[in-house]
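Data block below; observations after.
The values are calculated or read from the model by the stated rules, or taken from the named source; none is laboratory data. Being a predicted model, the structure only gives us computed values, none of them experimental. Note that each Cβ is placed from the backbone with ideal geometry, even for glycine, and that neighbours are counted across all protein chains shown.
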Amino acid sequence: MKKNSITLLVLLCGLFLAGCFQDIDTTFDEYRLVELETAVRTTSASGATFPIVSVTRTVGIISNQVNIAGRQLKAPEEMAFSIDTAVSSFLNATTIRAVEGTHYNLNGGKFTFKADTSFSVIRFNVLNPGPVTGRSALLILKLDGNSNVKVSENYRRVGYRINLN
């Protein structure tokens with residue numbers, strides 16, 4: 001008898017709780033957010049809210065996929081990326097701030113999101129200033145967005161530590 005009562009009580013609770021659910025068909029169409037794929041897939045560096053990827057001074061062109069979350073664009077959209085200069089907490093005796101024209105070149109810092117696509121690519125050059133023993137240069141790339149497309153705060157930055165050895 002007690003077992004039947006417990007079973008009945010569990011069944012009634014289940015029916016009562018299931019009756020509270022509504023059919024909600026929600027899609028992420030309200031906003032368009034862009035994010036850096038590397039920031040999404042790579043663990044944040046210690047003490048940072050973004051990853052820092054190590055590269056060599058001879059790597060050349062670095063490509064970074066940019067994803068769009070939400071509705072795709074109906075027309076091409078030009079967007080910008082830049083360098084976040086707030087890197088002071090990561091600088092020390094062996095890590096210096098990367099200098100444009102010496103350590104990297106952003107090639108204008110612009111990219112285009114084509115219509116009806118879910119991703120684009122940004123590219124920048126890592127320049128080879130020659131070997132500097134025991135040193136690295138740090139740059140933090142960030143997406144800037146525009147009036148039509150916002151940037152995901154969680155995945156807008158990725159750092160690059162350029163090994164100068």
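Identify the residue in segment 86-118 that is part of a strand (DSSP E or B) and touching a residue at least 60 places away in the same chain (Cβ under 8 Å) and, among all such residues, is nearest to SER147 (Cα to Cα). If you could, list the steps in order and put the result at the bottom.
The first filter runs over segment 86-118 and keeps only residues part of a strand (DSSP E or B), leaving 95-97, 100, 104-105, 110-113.
Among the residues that remain, those that are also touching a residue at least 60 places away in the same chain (Cβ under 8 Å) are: 95, 113.
On the way: THR95: 35, PHE113: 14 Å.
Checked segment 86-118; the qualifying residue nearest to SER147 (Cα to Cα) is PHE113.
For segment 112-128: of the residues being crowded, with 17+ Cβ neighbours inside 10 Å and in contact with a Lys or Arg (Cβ under 8 Å, 6 or more places away or on another chain), which is nearest to ARG32 (Cα to Cα)?
So the residue we want is SER120.
Return the pair list, or none, for Cβ contacts closer than 7 Å from residues in segment 41-70 that are touching a residue at least 12 places away in the same chain (Cβ under 8 Å) and loosely packed, with under 14 Cβ neighbours inside 10 Å to residues that are of a type in the set (Gly, Ala, Ser) and outside any strand (DSSP E or B), at least 6 apart or on different chains.
GLY47/SER89
Using the structure shown, decide if ASN165 is part of a loop (DSSP other than H, G, I, E, B), loosely packed, with under 15 Cβ neighbours inside 10 Å, under 19 Å from the mean Cα position of the chain (by Cα) and modelled with pLDDT under 95.
no
In segment 100-127, which residues are under 17 Å from SER54 (Cα atoms) and either at pLDDT below 95 or in contact with a Gly (Cβ under 7 Å, 6 or more places away or on another chain) (or both)?
ASN125, VAL126 - these are the residues of segment 100-127 that are under 17 Å from SER54 (Cα atoms) and either at pLDDT below 95 or in contact with a Gly (Cβ under 7 Å, 6 or more places away or on another chain) (or both).
In segment 71-85, which residues are outside any loop (DSSP other than H, G, I, E, B) and surrounded by 12 or more Cβ atoms within 10 Å (Cβ to Cβ)?
GLU77, MET79, ALA80, PHE81, SER82, ILE83
What tally of residues in segment 124-161 results from selecting those that are of a type in the set (A, V, I, L, M, F, W, C), over 30 Å from LYS114 (Cβ atoms) and assigned to a strand (DSSP E or B)?
Of the residues in segment 124-161, the ones of a type in the set (A, V, I, L, M, F, W, C) are 124, 126-127, 132, 137-141, 143, 149, 151, 158.
Checking the rest, the ones that are also over 30 Å from LYS114 (Cβ atoms) come to 132, 137-138.
With the extra rule that they be assigned to a strand (DSSP E or B), the set shrinks to 137-138.
The number of residues fulfilling the criteria is 2.
Looking at (1) touching a Ser or Thr at 6+ places or on another chain (Cβ under 7 Å); (2) under 21 Å from LEU36 (Cα atoms); (3) among the charged types (D, E, K, R), which is the one condition that is false for ARG135?
Tallying (1) touching a Ser or Thr at 6+ places or on another chain (Cβ under 7 Å); (2) under 21 Å from LEU36 (Cα atoms); (3) among the charged types (D, E, K, R), ARG135 fails exactly one: (2).
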